[in-house]
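Contents: one structure, followed by commentary.
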Amino acid sequence: ASAEEGFEIVRRRLFKDLTPEQARLRDAVVNAFSEMYAGASGEFPTDCKEAEYKRRMRAAYPIHPELFDRLFGDWSELERFQRTRGVLRLMAKVIYSLWMNEDPSLMIMPGTIPIADEDVASELTRYLDGAWTPVIETDVDGPNSLPFQLDRENAATFGKISAARRVARTIYFGSAPSQQAANKGLDDRHIKLGCVQPGERSPIFGDALRRLSDQAMYLYRDGTRYWYGLKATVTRLAQDRAASQRDDEIDEEIRKRLDAVKRSQGQFAAVHTAPRSPGDVPDEDTARLVVLGPEHAHDPKSDSGGARAFCELILAERSGGARRCRNMLVFLAADAAALADLRQAVRQWLAWSSIENDRETLGLDPFQVRQVEDRLREANETVDLRVVGTYQWVLNPTQSRDDPTGPVTWDVIRVSGSEPLAERVSKKLVAEESLIPAYSGMRLRLDIDRVPLWRGYHVSVSQLWEDFTQYLYL
């Protein structure tokens with residue numbers, strides 16, 4: 001039987017004919033899939049939005065055409081897999097398992113195949129090398145598998161729709177029978193085609209795919225193509241090395257990354273990154289941004305993390321005595337929650353860097369070398385992005401005009417955007433008039449009268465500027 005005839009054979013042998021009401025519901029499901037593919041064409045293969053694919057979905061219902069394409073294509077190439085009889089045997093076990101477990105899926109897709117089911121797993125592995133069993137148990141499906149752990153750890157996103165397991169099943173189903181093919185595996189669009197249903201957000205599955213790619217022992221990647229293999233990848237080596245990185249090495253790398261902030265200063269005269277003591281911040285009469293190191297983070301919920309205490313220390317002290325130009329300093333601190341993700345990204349970068357340095361002694365083959373280079377580049381980009389996303393809290397010291405001798409208070413402002421950190425901070429502060437790059441004569445006169453800043457009937461420009469650099473209420 002051809003693939004198209006196979007649709008009809010399986011449907012007739014394993015399902016009753018639809019009643020008129022069931023046919024109407026089938027058409028509603030098919031229309032929902034078609035609308036999803038048409039509305040996000042970049043996420044799925046281009047042929048999915050064509051009328052012919054809609055016709056195929058209607059003919060194959062309740063089995064998705066992508067599942068049939070894999071069965072009558074990749075799996076039928078296996079020597080011991082009987083084209084029609086093998087498909088019927090497998091689908092009978094799949095359908096029985098889904099039915100008994102009351103699976104709510106709109107269609108039977110590669111991502112919904114219950115590979116953890118013993119009968120289904122034995123049917124899939126009987127045509128393959130016996131070494132696939134540990135691959136399935138470790139990286140594909142089952143209570144001890146990585147996808148199951150990811151779904152459980154991310155219950156609010158992955159867990160509700162079993163995103164990681166559905167992605168892993170789809171990749172396994174599309175790559176296990178074609179290990180000797182020149183163009184192995186599935187691209188990311190076909191992976192989403194095999195697991196995303198209407199009403200679900202495809203980026204969630206993209207995130208699950210990324211996490212699997214970062215952590216799975218047997219999952220290979222080449223560009224946008226993914227496949228499972230029988231040999232462990234260098235990913236596990238990277239995980240082991242990441243776990244062994246010392247905390248002080250990680251924070252030191254973050255400090256080095258912060259040096260890049262100095263390249264763009266925005267409206268500030270200078271940017272000082274990761275000072276270890278108040279003496280590292282000069283006492284100058286020009287506006288300066290102080291970017292705190294990772295050891296001084298800010299937690300907006302509990303005001304913990306040490307950021308404010310260290311800012312107060314810098315504000316009070318300088319090298320050799322008390323600080324004078326206190327009104328020239330603004331501080332930027334990392335978000336305590338986001339800092340954990342940044343540190344994890346740095347761990348990964350350090351791990352891949354060490355593998356890159358040791359590639360000759362490790363005896364990596366050309367594919368593994370390319371994989372390490374790709375992962376190292378991706379890890380580097382991830383670290384840079386997370387540095388920008390993590391440093392989001394501006395701590396600006398101030399005092400009340402009504403009580404110039406009162407305690408120092410802190411305006412805590414959250415900043416976001418795509419600009420470099422110093423530009424982002426200065427833009428926000430200028431908008432709120434917490435940082436004033438130019439002062440009009442009229443406003444200056446108002447401040448001089450209100451405070452007052454007069455010395456008798458006059459005040460020198462140098463004295464006026466000294467006042468503005470020192471007093472936080474100005």
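The values are calculated or read from the model by the stated rules, or taken from the named source; none is laboratory data. Everything numeric in this text was worked out from a predicted model, so none of it was measured. As a convention, Cβ positions derive from the backbone with ideal geometry for all residues, glycine included, and neighbour counts pool all protein chains shown. The accessibility values were calculated without ligands, DNA or RNA, using every heavy atom of the protein model including side chains. Shrake-Rupley method; radii C 1.70, N 1.55, O 1.52, S 1.80 Å.
Rg and Dmax in Å for segment 348-474, alpha carbons only: what are they?
Cα radius of gyration and Dmax of segment 348-474 are 25.3, 82 Å respectively.
Please report the accessible area of Leu106 (heavy atoms, 1.4 Å probe, ligands and nucleic acids excluded) in Å², nearest 10.
The value for Leu106 is about 70 Å².
Only Lys, Arg, Asp and Glu count, each charged at its Cβ (+1, +1, -1, -1), so figure out the dipole size of the chain about its Cα centre, rounded to 20 debye.
720
Taking the Cβ of Asp299 as the center, what net charge do the other residues with Cβ under 13 Å away carry, scoring Lys and Arg +1 and Asp and Glu -1?
With Lys, Arg at +1 and Asp, Glu at -1, the neighbours total +1.
Assigning unit charges at the beta carbon (Lys, Arg +1; Asp, Glu -1) and nothing else, what dipole magnitude in debye, to the nearest 20, does segment 246-310 show about its Cα centre?
Roughly 260 debye for segment 246-310.
Where the centre of each part is set by its Cα atoms, how far does segment 351-377 sit from segment 32-91, in angstrom?
37
Work from the charge dipole of the chain (Cβ charges, +1 for Lys and Arg, -1 for Asp and Glu, about the Cα centre) and give the residue of Ala345, Gly456, His190 farthest towards its positive end.
Highest projection toward the positive end goes to His190.
On a 0 to 90 degree scale, rounded to 10, what angle separates helix 3-14 from the longest Cα axis of the chain?
80
How large is the dipole of segment 1-127 about the Cα centre if only Lys and Arg carry +1 and Asp and Glu carry -1, each at its Cβ, rounded to the nearest 20 debye?
Once rounded to the nearest 20, the dipole reads 420 debye.
Among bridges DSSP assigns within the chain, what percent are antiparallel (round to 5)?
Rounded to the nearest five, the antiparallel share is 65 percent.
Run through segment 379-474 and list the GluC sites (Glu not before Pro) located in a DSSP loop whose Cβ has at most 10 other Cβ atoms within 10 Å.
Answer in residue order: Glu433.
Please give me the summed charge of the neighbours of Pro143: other residues whose Cβ is under 15 Å from its Cβ, Lys and Arg +1, Asp and Glu -1.
My count for the surroundings of Pro143 gives -4.
How long are the three semi-axes of the equivalent ellipsoid of the chain, in whole Å, if each is the root of 5 times an eigenvalue of the C-alpha gyration tensor, listed from largest down?
Whole-Å semi-axes of the equivalent ellipsoid: 61, 26, 17.
Any chance you could look up the accessible area of Thr133 with a 1.4 Å probe, heavy atoms only, rounded to 10 Å²?
About 60 Å², rounded to the nearest 10.
Quick one: grab Rg to one decimal and Dmax as a whole number for segment 1-126, Cα atoms only, in Å.
That works out to 14.7, 42 Å for Rg and Dmax.
Give the angle, between 0 and 90 degrees and rounded to the nearest 10, that separates the Cα long axis of helix 366-390 from the longest principal axis of the Cα atoms of the chain.
For 366-390 against the chain, the angle is about 40 degrees.
On average over all directions, what projected area in square nanometres does segment 265-339 have, based on the convex hull of its Cα atoms?
Answer in nm², one decimal: 4.9.
Given the -39500 (n - 2.57) contribution per DSSP H run of 4+ residues, what per-residue ellipticity at 222 nm results for the chain, rounded to the nearest 500 deg cm²/dmol?
When only DSSP H runs of four or more count, the value is -15500 deg cm²/dmol.
Starting from the residue with the highest accessible area, list Glu66, Glu373 in decreasing order, probe 1.4 Å. Intermediate results must be reported in sequence, preceding the final value.
Numbers: Glu66 10, Glu373 80 Å².
Largest accessible area first, the residues go Glu373, Glu66.
For segment 1-64, report the % of Cα-Cα distances exceeding 16 Å.
Percentage above 16 Å: 50.
Please give the Cα centre distance for segment 380-423 versus segment 138-185, rounded to the nearest Å.
That distance is 41 Å.
Mind ranking Glu360, Glu5 by accessible surface for me, highest first, 1.4 Å probe?
My answer, sorted largest first, is Glu360, Glu5.
Expressed in whole Å with the largest first, what are the equivalent ellipsoid semi-axes of segment 125-229 derived from the C-alpha gyration tensor as the square root of 5 times each eigenvalue?
Value: 21, 16, 11 Å, ordered largest first.
Going toward the positive end of the dipole of the chain, with +1 on Lys and Arg Cβ and -1 on Asp and Glu Cβ, which of Pro282, Leu25, Met100 do you reach last?
Leu25
Pairing the Cα long axis of helix 461-470 with the longest principal axis of the chain, what angle in degrees results, from 0 to 90 and rounded to the nearest 10?
For helix 461-470, the angle is close to 50 degrees.
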